[in-house]
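Peer 1: I have a structure I would like to understand better, so I am pasting it below and will then ask my questions one at a time.
The values are calculated or read from the model by the stated rules, or taken from the named source; none is laboratory data. This structure is a prediction, so every number in the text was calculated from the model and none was measured. Because the Cβ atoms are built from the backbone with ideal geometry, glycine has one as well, and the counts that use them run over all protein chains shown.
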Amino acid sequence: MVQPAGGQGGATGSPRPDQLLAGARVLLGVSGGIAAYKAAELARELQRAGAEVQPLLTAAGEQMVSRATFAALTGRQVPASVWDDPAAVEHVALARWGQVLVVAPATAHTLARLAAGLADDLLTNVALAFPGPVVVAPAMHTEMWEHPATRANLEVLARRGVRVVAPASGPLTSGDVGPGRLAELEDLVAGVAAALTRGQAAPGDRPGRGLTGARVLVSLGGTREPLDPVRYLGNRSSGRMGAAIVAEALARGAEVTAVAAATTVDPPAGARLVRVETAQQLYDAVLAAADAQDVLIMAAAVADFRPKRVAEGKLKKDQGVPEVVLEPTPDTLAELGRRRRPDQVLVGFAAETGDHLAGARKKLEAKHLDLVVLNHVEGAHSAFGADDADAFLVDADTLEELPRTSKAAIAARLLDRVEALRRRDA
């Protein structure tokens, strides 16, 4: 709900995935990772949200889960290859039928074939003929996920506007644990819904390319201010919101710089990644890059204070309780507000307790921002570490409430607003 800035938030908010997917025609590509069994669950969840699902299995995918399983789940025949009925030119017919193409799981091999534009089986033929929004959900062992070739292939896909639903960290095959696990079903469904929304955007826009060529900087994660070589003052930020914004900006065709403090998730591949730890390092990195940016979105949770003195050695109990004296950290957002060009869009985040709307409006005015994203950070409503959140988008004239929804959906709505601001200033 969007309403004048003095009012109370409404209950409608952004559409839910089940509203966005009602009647949607989804092409579901399944490649040959162990996570292929989860694609059967994804097909069921997409159908529960109201979508029609057409499965497309690679030969390796069929080694994991049979075509018969997907046919029984979806009620649709699952073709095996382009040679089933050459006269029907099935790959073109399927590409014209679908509204969104999602590949989940997307193995390293499948990502490489998509990036290279190969057309050596039914799925890749359909992908090459498909004009609409594309979502890939990588799943593989950590070593393969982190290999430079995989990262380079993801960068190629991201530049084309492909939406990447980043893998999670957790148990893998062979008892291993690490990043590379297929994203959770909720995140996959939200990613498909968000991609479909972009595909139905403004008339004449190329799906998923609303920020084509725009330079967008996103800060994310939580800073850590050292007390000694072992301990630090930190916060509860996971970086999930910032990572969702990076993914959404990449999907819209932006050139993204991600300045990442401590996170529990990997920033999506395709962005230029700058790692920092402290508020001072974040300040230096952001200000060094700011002049070249069209959009600056400061989603990082930055410490307001740091220890005035950092102990050279580890503080020990037998030395007594240390007295910690704090000093202010540099205010990155305020400095950006002072330096900003008239044509730059500047977005801040406010994590508030108590009178949260008053705090957000004060930040909006004091730091010369276009927009503030307000999150609750207390009790059951806390956004820290969660996959979803309550949020308000606050500008000088309006207050838009986004009741509890996925961070991917919040990122999509935020960048809708950013695009509107850019059109206003054009």
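Peer 1: Return yes or no: is residue 28 crowded, with 24+ Cβ neighbours inside 10 Å and closer than 21 Å to residue 197 by Cα?
Peer 2: Numbers: crowded, with 24+ Cβ neighbours inside 10 Å: yes; closer than 21 Å to residue 197 by Cα: yes.
In short, yes.
Peer 1: Give the residues of the stretch 128-144 that are surrounded by 19 or more Cβ atoms within 10 Å (Cβ to Cβ) and closer than 14 Å to residue 99 by Cα, sorted by residue number. If you could, list the steps in order and put the result at the bottom.
Peer 2: Keep residues of the stretch 128-144 that are surrounded by 19 or more Cβ atoms within 10 Å (Cβ to Cβ), which gives 130, 132-141.
Hits for the stretch 128-144 are 130, 132, 133, 134, 135.
Peer 1: Tell me whether the stretch 81-104 contains one or more residues that are touching an Asp or Glu at 6+ places or on another chain (Cβ under 7 Å) and within 24 Å of residue 179 (Cα to Cα).
Peer 2: Step one: list which residues in the stretch 81-104 are touching an Asp or Glu at 6+ places or on another chain (Cβ under 7 Å), which gives 81-82, 84, 90.
Retained after the next criterion (residues that are within 24 Å of residue 179 (Cα to Cα)): none.
The answer is no; no qualifying residue exists.
Peer 1: Kindly indicate whether any position in the stretch 116-134 is within 21 Å of the chain's Cα centre (by Cα) and of a type in the set (D, E, K, R). Talk me through it step by step, then tell me what you get.
Peer 2: Step one: filter the stretch 116-134 for residues within 21 Å of the chain's Cα centre (by Cα), giving 132-134.
Add one more test, that the residue is of a type in the set (D, E, K, R), and what stays is none.
No, the stretch 116-134 has no match at all.
Peer 1: Still on this structure, please answer the following. Scanning for something outside any helix (DSSP H, G or I) and touching a residue at least 12 places away in the same chain (Cβ under 8 Å), does the stretch 36-48 turn up at least one residue? Quick ask: steps written out before the conclusion?
Peer 2: Taking the stretch 36-48 first, the residues outside any helix (DSSP H, G or I) are none.
Looking for residues that are outside any helix (DSSP H, G or I) and touching a residue at least 12 places away in the same chain (Cβ under 8 Å), one finds none in the stretch 36-48, hence no.
Peer 1: Does the stretch 241-266 hold any residues that are crowded, with 24+ Cβ neighbours inside 10 Å and touching a residue at least 60 places away in the same chain (Cβ under 8 Å), and which are they?
Peer 2: 241, 243, 244, 245, 247, 248, 249, 250, 251, 252
Peer 1: Further, regarding this structure: When you go through 369, 415 one by one, which is the residue that is in contact with a Gly (Cβ under 8 Å, 6 or more places away or on another chain), in a loop (DSSP other than H, G, I, E, B) and modelled with pLDDT of 90 or more?
Peer 2: Values: 415 fails: in a loop (DSSP other than H, G, I, E, B).
On inspection, the qualifying residue turns out to be 369.
Peer 1: Looking at the stretch 42-99, which of the residues that are among the small types (Gly, Ala, Ser) and surrounded by 18 or more Cβ atoms within 10 Å (Cβ to Cβ) is nearest to residue 31 (Cα to Cα)?
Peer 2: Initially, the stretch 42-99 is screened for residues among the small types (Gly, Ala, Ser), giving 43, 49-51, 59-61, 66, 68, 71-72, 75, 80-81, 87-88, 93, 95, 98.
Among the residues that remain, those that are also surrounded by 18 or more Cβ atoms within 10 Å (Cβ to Cβ) are: 43, 49, 51, 61, 95, 98.
Values: 43: 14, 49: 23, 51: 21, 61: 4, 95: 18, 98: 18 Å.
The qualifying residue nearest to residue 31 (Cα to Cα) is 61.
Peer 1: Residues of the stretch 301-360 being of a type in the set (Val, Ile, Thr) and under 27 Å from residue 423 (Cβ atoms), which ones? I'd like the intermediate steps shown before the answer.
Peer 2: In the first step, residues of the stretch 301-360 are kept if they are of a type in the set (Val, Ile, Thr); the result is 302, 310, 321, 324-325, 329, 332, 345, 347, 353.
The answer is 332, 345, 347.
Peer 1: Then there's this: Just give me the residues in the stretch 56-93 being of a type outside the set (Phe, Trp, Tyr), within 19 Å of residue 120 (Cβ to Cβ) and not in a helix (DSSP H, G or I), in sequence order.
Peer 2: If the condition is that a residue be of a type outside the set (Phe, Trp, Tyr), within 19 Å of residue 120 (Cβ to Cβ) and not in a helix (DSSP H, G or I), then 56, 57, 58, 78, 79, 80, 81, 82, 84, 85, 89 are the ones that fit.
Peer 1: Another one. Restricting the search to the stretch 197-219, which residues are at pLDDT 80 or above and buried (at least 24 other Cβ atoms within 10 Å of the Cβ)? First the steps, then the outcome.
Peer 2: Going residue by residue through the stretch 197-219, those that are at pLDDT 80 or above are 211, 213-219.
Matches in the stretch 197-219: 211, 216, 217, 218, 219.
Peer 1: Still on this structure: Please find, among 357, 333, the residue that is touching a residue at least 40 places away in the same chain (Cβ under 8 Å) and of a type in the set (A, V, I, L, M, F, W, C). Reasoning before the result, please.
Peer 2: Numbers: 333 fails: touching a residue at least 40 places away in the same chain (Cβ under 8 Å).
When all the criteria are applied, what remains is 357.
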